[in-house]
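In what follows, a single structure is set out as structure tokens and then discussed.
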Amino acid sequence: MDVVLAKMSWKLIPCLRSELRLDIVLKCGQSFRWKSFNDQPDQWIGVLGSRVWLLSQDQDHLKYKTFPKAEEDSGALDAFLADYFQLKVKLQPLYKVWAKEDPVFEKISSKFSGVRMLRQHPVENLFSFICSSNNNIQRISSMVENLCIHFGTEIWKHEGVSYHTFPSVEQLAKNPMNVEKKLRGLGFGYRAAYIAKSAKQIAENGGEEYLLKLRTLPYQEARDELLKLTGIGPKVADCVLLMSLDQTAAIPVDTHMFQIAANKYLPHLKGYKSVTDKAYKEIGDHFRSLYGDYAGWAHSVLFSADLKHLRDIESDTDTRVESKSKESKSSGSPMLKKRKKRA
DNA sequence: AGTAAACCTTCTAG
DNA sequence: ACTAGAAGGTTTA
């Protein structure tokens, strides 16, 4: 059926599975557009820039194909993908430190290895997370899809399925009244106005370039800029800072992280009904002092391990040695150096 | 400054 | 079948 696609050969990028787990990273709520391809559990299809990407991996490589056929030299494509996955950042040394500092992290670290931050485009990241407020992943994903279908540009058609770019700021800012109305009709609810207004605000400030420039600002300054936008509060701002603006220590505190913090780290927070500004800051500060400069990355591991649909994900097949005891240590003293093996 | 209610829609536990 | 609650919060009062 997919003769053409199947025949195309994979491009390979050296990358250990312990440094990247596509099945987790692509499905842990950082981005919302990656879907498993043709029911294959280890192949993922999505759009990056103005190209459709098919991704997979083996023990030592990240593998990809792109569509439509590119004349572009594969060196540039390699670099593009390596940047998206931030492969320059080595996870294993970080995991080692985080596990040493935190027994809770240590406990989940072997099963949830290879969880890293994507370096997303701020436009997609920002508008996707405006959709995320008071919402669930399934619906967020379908809203993002609708954003692309109705405002993006079609770039490829395959077996009756169209693939679109994520809309540009201009495409979302063209006619705010119409955009809002259209989004309402698509079931965006009150987020329709947030998107239309933010798009307009960003466009007036210089559009995509303005957002990209936030990467050069210190955390607090970039955050203050984001908070000026409609529909972006502290949590979404930190998501954008962490996921597309290079702020590795940003910690988005959502209802999930609040629960995790209250249950496992800061028991006194159990009294709070909701995440107050004070609690928000306290939780972020706690994890930053615990994990250091890449605290946001560590937070993402905790978050992923807590997601319902990922909680029972299969452990890295590389860890075949398995220690069949699911819960035998009681003292919590981390002196057992179980051979999780590693190269 | 800090707290509470309203906000769109969809899915689910009861 | 029907309803209250929650879902990766933000805005307004």
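Derivation of every value follows stated rules applied to the coordinates shown; laboratory data play no part. Every value quoted in this text rests on a predicted model; they were computed, and no experiment measured them. Every residue, glycine as well, gets a Cβ built from its backbone with ideal geometry; the counts of neighbours run over all protein chains shown.
Each of A:HIS121, A:HIS158 was scored by other Cβ atoms within 10 Å of its Cβ. Arranged with the fewest first, they read A:HIS158, A:HIS121.
Ordering A:ASP277, A:ASP23 from the fewest to the most neighbouring beta carbons within 10 Å gives A:ASP277, A:ASP23.
With K and R counted +1 and D and E -1, the other residues having a Cβ less than 14 Å from that of A:SER31 yield a net charge of +2. Ignoring everything except DSSP H segments at least 4 long, calculate the 222 nm mean residue ellipticity for chain A; use -39,500 (n - 2.57) per segment, divide by total residues, nearest 500. Helix contribution divided over all residues of chain A: -13000 deg cm²/dmol.
The count of lysine pairs in the range A:1-88 with alpha-carbon distances below 14 Å, taking only pairs 8 or more places apart or on different chains, stands at 6. For chain A, a Gaussian network of Cα nodes joined below 10 Å ranks A:VAL47, A:VAL89, A:VAL161 by mean-square fluctuation, and the top entry is A:VAL161. Tell me, A:ARG311, A:ARG288, A:ARG116 in order of fewest to most beta-carbon neighbours within 10 Å? With the sparsest Cβ surroundings first, the list reads A:ARG311, A:ARG288, A:ARG116. Taking a Cβ cut-off of under 11 Å around A:ILE140, the surrounding Lys, Arg, Asp and Glu residues balance to a net charge of +2, with basic ones at +1 and acidic ones at -1.
Work out which GluC sites (Glu not before Pro) in chain A are exposed loop sites (DSSP not H, G, I, E or B, at most 15 other Cβ within 10 Å) and give the longest gap free of them.
Numbers: sites that count: A:GLU71, A:GLU72, A:GLU159, A:GLU314, A:GLU322, A:GLU327.
Excluding the exposed sites themselves, the longest stretch runs over A:160-313.
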